[in-house]
Structures are given as structure tokens and as C-alpha cells.
Amino acid sequence: MSSAMETPPAVTVRVPAKVNLELLVGPAREDGYHALSTAFQAVSIHDDVTVDADDDWGVTVSGRDAAAVPTDETNIALRAARLLAAHAGLDEPVHVSIRKDIPVAGGMAGGSADAAATLIACDHLWGLGTPREELLELAAELGSDVPFLLHGGTAIGSGRGELLAPVLARGRFHWVFVPAKGAGLSTPAVYGEFDRLHAEAGTTPADPEPSPAMMSALRSGDATALARAFTNDLQPAALALRPDLATVLEAGLGFGALGGLVSGSGPTVAFLTAGAESAIDLAVALTASGVAHDVLRATGPVHGAHLLTAPRIS
Ligand code: C5P
């Protein structure tokens, strides 16, 4: 029988979803990624990730859309655990258990969130105390959005999204998210459609830079100004691939949302409302009208990946 001394207790980390308040996309780079400038906000839809020492590496997934998440070696949370182990020179297999509430392939960085949570959880399980800068570098290797899910709050992302700068942001915002019916959208497919639409129109995307309207809306903390400054350069591409999203956007705005946009590469649609009550009213209107089969209410900004349980000190 193993004692607490031999087997460290499981570690659970809670991690939020993200929405891009502004997503400005430039031309494709030589490495295939697109230069971008984005304002990220972490919102209170969470996955919980638990890591446990085990004989073999493995992952199980439960909760929302669980069946759509791969549980083989391609799982990004499992890759995060293995990456940190390799970085630390360890060979200590873990089992990763993911409890999902963030929509899968929804444009809310659910997979990236699980990777960020796994880095924090394994760092604690193994007692590594990896410096923040190193964790952020490992996060960037795993995916463009992973560093932001470690960071949380509101931040400006540049490069391919992995370079973060803090931003002066006030206010607490009330969101309603409408996950799409059926399968999600593949991020590379949406970026591919973005390129195709530009090629078809004979246009070249401008080099992206944070807009003065967004920076000033963030500073003011004013929800109406923030909603007015919403921009998502991937939205036309997401709508071309999923024309049904236009109906959702139109309905939400008709029911009184301050603003709406496709979240990241979609297909989740995000609406900003004037307050907690307006968010409830909008959620009810969207479901009662049959436009949305499912709605998620959330507030933002919230903290990035954080421990729910810590290993017992023995
Ligand atoms: O970085 P991540 O693995 O999340 O990116 C997934 C895919 O999305 C990339 O392989 C690329 O096709 C596309 N992408 C992009 N430009 C970015 C971020 C992602 O083209 N800035």
C-alpha cells in the first residue's frame, strides 16, 4: 500500500476560457502563422484539470463536448505534461483528467486552456517551481493562445498571439456566449479561409496594431465603448464557413446586446451586455426564441490558470 509520502496527492488547476475583444490579423508569415494584434480577456467559463502520478502517461476527459477531445498522444494537455517533464529532465508519468465546460473547437481556447492548466498542475505535482518566464516559453511552444491562459485578466497579444503585454483595463463585464450547434471550426481552416477571401478580393491584410478605440475603451471600463470597439478580422471567414452564425449575431443584437462578435476563430458567438440582469434576459431571449440551443453566461476579466488544490506538505 502506498503512503502519502510515496504518492503525492493529485493536483487540480482551474483555467478560464478567453474571448478576443479585438483580433486584427495581418499577412501570413514565412512560418505559416499570421501576424496578429489582439486584446484578450479571460472569462469565467472554466475547465478543471487534475494530474495524478501514474504508471503510464494518459488522459481522460469528461463534461461538455468531452467526446470531441482526442485522448491519444495528440491531446494538447498530455503534450504539455510531457513537455514540462522533458524540460525538467524527469520521467514521471502522470494521468491527466480534464473536466470540460469550455466549448471544444469553439474559438475560446479550450485546448490551450487545458495545456496551460496542465503546466501549472505538473509543476506543482513535481515540486519544480519552474520560473514564470520558462513556463510562458513552454506555453508558447504548445500553442499561440497558451501563454494568455497562464496570464489571465486582460492583455494585448502580438506576434502570433503568444507575446503578451499588460494593458490598463478597468471594469467587470457581463457576457453571454452561444456555442454553435454541431461540430466546431478548425482554427487552421478559418485562417485558410481568411487568406482565400483576401486573395479573392485582391487585398493584402494590413500589419496589425492595437486600435486607439480599443485601448481607450479598455482604459475607460465602459461596456458600451468596448462593444463599439469590437473587431474580429476572422469573423468574415468564420461566417463564410458557418453562415448560420449570422442569424445568431443578428438575434443577439436585436434582443439588446451592447455588441456581439464571433469569439476568436469561432464558431462560438460572444455578446456583451450592460450588466448581470441584462445577461440573464439575453440568455433567456436567445434560448426561448430557439436561436440558441445552449447559452453560457460569464463575467470577465478573471484570473488565469490557478491551483484549486496543492500537494500536502509531508
Ligand atoms: O498556435 P496554434 O497551434 O494554436 O495555431 C493553430 C493553427 O492556427 C496554426 O497551425 C495556424 O494554421 C493557425 N494560426 C495562424 N496564425 C496565428 C495563430 C494560429 O495562422 N497567429
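What follows is calculated from the coordinates using simple rules that are stated; it is not laboratory data. As the structure is a computational prediction, the values presented were derived from the model and not from experiment. When we count neighbours, we look across all protein chains shown, and the Cβ atoms used for this are built from the backbone with ideal geometry, even at glycine.
Put +1 on the Cβ of each Lys and Arg and -1 on the Cβ of each Asp and Glu in the range 173-300; which of 296, 204, 269 then has its Cα farthest toward the positive end of the dipole?
Working it through, the farthest residue towards the positive pole turns out to be 296.
Among 138, 13, 255, which residue has its Cα positioned farthest towards the positive end of the charge dipole of the chain, with +1 placed on the Cβ of Lys and Arg, -1 on the Cβ of Asp and Glu, and the dipole taken about the Cα centre?
Most positive-ward Cα: 255.
From the residues 225, 188, 284, which one has its Cα farthest along the dipole of the range 173-300 in the positive direction, the dipole being from +1 and -1 charges on Cβ of Lys/Arg and Asp/Glu about the Cα centre?
Final value for the positive-end residue is 284.
Treat every Asp and Glu Cβ in the chain as -1 and every Lys and Arg Cβ as +1, leave all other atoms uncharged, and give the resulting dipole magnitude about the Cα centre to the nearest 20 debye.
Numbers: 19 positive and 36 negative charges, 212 e Å.
With Lys and Arg at +1 and Asp and Glu at -1, about 1020 debye.
When the gyration tensor of the chain is built from Cα positions, what are the square roots of 5 times its three eigenvalues, in whole Å, from largest to smallest? It would help to have the intermediate numbers written out before the result.
Numbers: eigenvalues 221, 92, 70 Å².
Listed largest to smallest, the semi-axes of the chain are 33, 21, 19 Å.
What distance in nm lies between label points placed 7 Å from Cα along the C-beta direction at residue 134 and residue 68?
3.6
Can you compute the modelled spin-label distance between residue 240 and residue 55, with each label point 7 Å from Cα toward Cβ, in nm?
5.2
Quick one: putting +1 on the C-beta of Lys and Arg, -1 on the C-beta of Asp and Glu, what dipole do you get for the range 173-300 around its Cα centre, in Debye to the nearest 20? Intermediate values should be presented prior to the final figure.
Values: 6 positive and 12 negative charges, 42 e Å.
So the dipole magnitude of the range 173-300 works out to roughly 200 debye.
Just report the Cα centroid separation between the range 267-311 and the range 163-230, whole Å.
A separation of 17 Å, based on Cα centres.
Where does each of 153-162, 116-125 land if you order them by average Cβ count within 10 Å, highest first?
On the way: 153-162: 20.5, 116-125: 28.0.
Sorting 153-162, 116-125 by mean packing, highest first, produces 116-125, 153-162.
So what's the back-of-envelope 222 nm ellipticity for the chain, counting only DSSP H runs of four-plus at -39500 (n - 2.57) apiece and dividing by all residues, rounded to 500?
Working: 10 runs with 107 residues, N = 314.
Per the formula, -10000 deg cm²/dmol.
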